[in-house]
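The values are calculated or read from the model by the stated rules, or taken from the named source; none is laboratory data. On a predicted model such as this, the values are computed, not experimentally measured, just so you know. Note that we place each Cβ from the backbone using ideal geometry, even for glycine, and neighbour counts take in every protein chain shown. All accessible areas refer to the heavy atoms of the entire protein, side chains included, with ligands and DNA or RNA removed. Shrake-Rupley method; radii C 1.70, N 1.55, O 1.52, S 1.80 Å.
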Amino acid sequence: MKKRLPAFIISAALAFSAVSCGKSDSKDSENTIKIAYLPITHSLAVLEEAEELEKESGLKVELVKYGSWAELLDALNSNRVDGASVLIELAMKSKEEGIGVKAVALGHRDGNVIVVSNDIDSAADLKGKTFAIPHRQSSHNILLNDALATAGLNIGDVNVTELAPTEMPSALASGQIDGYCVAEPFGAMGVNLGVGKVLFSSEELWEESLCCGLVLTDKFIDERYDDAKSFVESYKSAGNALDKEKAKEVAKKYLNQTDDVLDTSLQWISYNDLDITEEAYNELADKVKEYGLSDNPPAYADFVKNDF
Ligand code: ZN
């Protein structure tokens with residue numbers, strides 16, 4: 001078993017990083033909607049929708065795969081894509097900086113875990129330890145803060161490091177970090193490899209947590225309102241239809257992960273009822289301020305569009 005770990009981790013990492021990095025061969029078309037995504041379980045609703053939408057409405061979703069949030073965000077912020085499934089805090093930051101984007105739905109519900117090394121048994125044990133998150137602007141950072149708060153600790157009590165999702169299971173295995181929280185299935189990968197365990201699931205720390213959002217550019221909404229409306233309606237239907245079995249089917253097609261990792265990871269997530277409610281958004285905005293991600297997150301009315 002020990003000998004197999006590095007090869008497994010390396011192959012999984014390669015699967016994640018060997019992507020087209022935003023390149024696409026298909027030509028722009030009036031009926032095409034370009035949507036950016038990362039190959040994670042958190043984006044399965046948009047991957048599922050891409051197949052359904054063309055059958056239903058003739059609109060074609062061109063999925064553009066990226067290898068990192070930074071690259072994806074750059075494409076979204078510069079209108080090289082019409083929308084993205086993206087960490088909602090990153091999109092909030094873009095909006096705060098004057099970029100024309102709107103969050104039109106959640107990417108998923110729940111679906112995050114705090115993974116720690118096997119010698120850590122409580123949040124209090126995290127004091128003085130090194131913990132990895134993918135980006136400061138993420139619900140993973142918020143969940144870390146929430147976890148620490150359960151033991152009366154705060155972010156100053158741990159060493160926080162930003163790592164690429166694919167690096168986290170191997171970093172935990174090597175002892176470089178003591179825990180991590182990141183988009184799935186990389187938490188499940190660490191658990192299935194036996195290098196860590198779940199200390200908290202997201203719903204234990206933050207009920208109705210927000211994480212990824214489906215975000216569209218104002219340019220796309222303004223110039224192609226009817227297409228945007230069809231797209232969002234179809235996306236929410238796709239989410240409602242995405243049960244565990246269907247989610248696994250889509251994940252196997254796009255994510256290049258093992259059945260075992262997907263079975264573990266998909267237990268933690270759901271895709272139904274993807275509306276962003278004002279109550280849930282305001283709770284997120286409060287946490288963003290409380291934990292220092294931003295002093296001035298966008299107001300619900302300015303950033304969330306629920307009225308297609
Ligand atoms: Zn997410």
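Rundown of residues vs (1) modelled with pLDDT under 95; (2) under 20 Å from the mean Cα position of the chain (by Cα); (3) more than 16 Å from the ligand (Cβ to nearest atom), yes/no style:
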| residue | (1), (2), (3) |
| --- | --- |
| ARG4 | yes, no, yes |
| GLY22 | yes, yes, yes |
| SER26 | yes, no, yes |
| ASN31 | yes, no, yes |
| GLU51 | yes, no, yes |
| LYS95 | no, yes, yes |
Check your understanding: Of all the helices (runs of 4 or more DSSP H) wholly in region 52-165, which have at least 2 residues that are in the same structural domain as GLU249 (by TED's automatic domain parsing) and open to solvent by 20 Å² or more (accessible area, probe 1.4 Å)?
Key -> 69-77, 88-96
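So, in region 250-306, of the ones that are of a type in the set (Phe, Trp, Tyr) and in a loop (DSSP other than H, G, I, E, B), which residue ends up surrounded by the most Cβ atoms within 10 Å (Cβ to Cβ)?
Checked region 250-306; the qualifying residue surrounded by the most Cβ atoms within 10 Å (Cβ to Cβ) is TYR271.
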Review point. From the list ARG136, ARG109, which one is under 12 Å from the mean Cα position of the chain (by Cα), within 16 Å of the ligand (Cβ to nearest atom) and among the basic types (Lys, Arg)?
Key: ARG109
Practice item. Evaluate region 181-204: report whether one residue or more is more than 16 Å from the ligand (Cβ to nearest atom), surrounded by 22 or more Cβ atoms within 10 Å (Cβ to Cβ), part of a helix (DSSP H, G or I) and of a type in the set (S, T, N, Q). Key: no
Exercise for review: Go through region 209-253 and give me each residue that's polar (S, T, N, Q) and closer than 24 Å to TRP69 by Cα.
Suggested key: SER209, THR217
Review point. Can you tell me which of SER230, SER209 is within 23 Å of ASN272 (Cα to Cα) and assigned to a helix (DSSP H, G or I)?
Key: SER230
Review point. Is it fair to say ASN240 is in a loop (DSSP other than H, G, I, E, B), in the same structural domain as GLY58 (by TED's automatic domain parsing) and open to solvent by 10 Å² or more (accessible area, probe 1.4 Å)?
Key: no
Check your understanding: Just checking, how many residues over region 208-253 are more than 16 Å from the ligand (Cβ to nearest atom), farther than 17 Å from GLY58 by Cβ and among the acidic types (Asp, Glu)?
Key -> 6
Study note, to complete from the structure: Restricting region 166-180 to residues that are under 23 Å from GLU89 (Cα atoms) and assigned to a helix (DSSP H, G or I), the one most open to solvent (accessible area, probe 1.4 Å) turns out to be GLU167
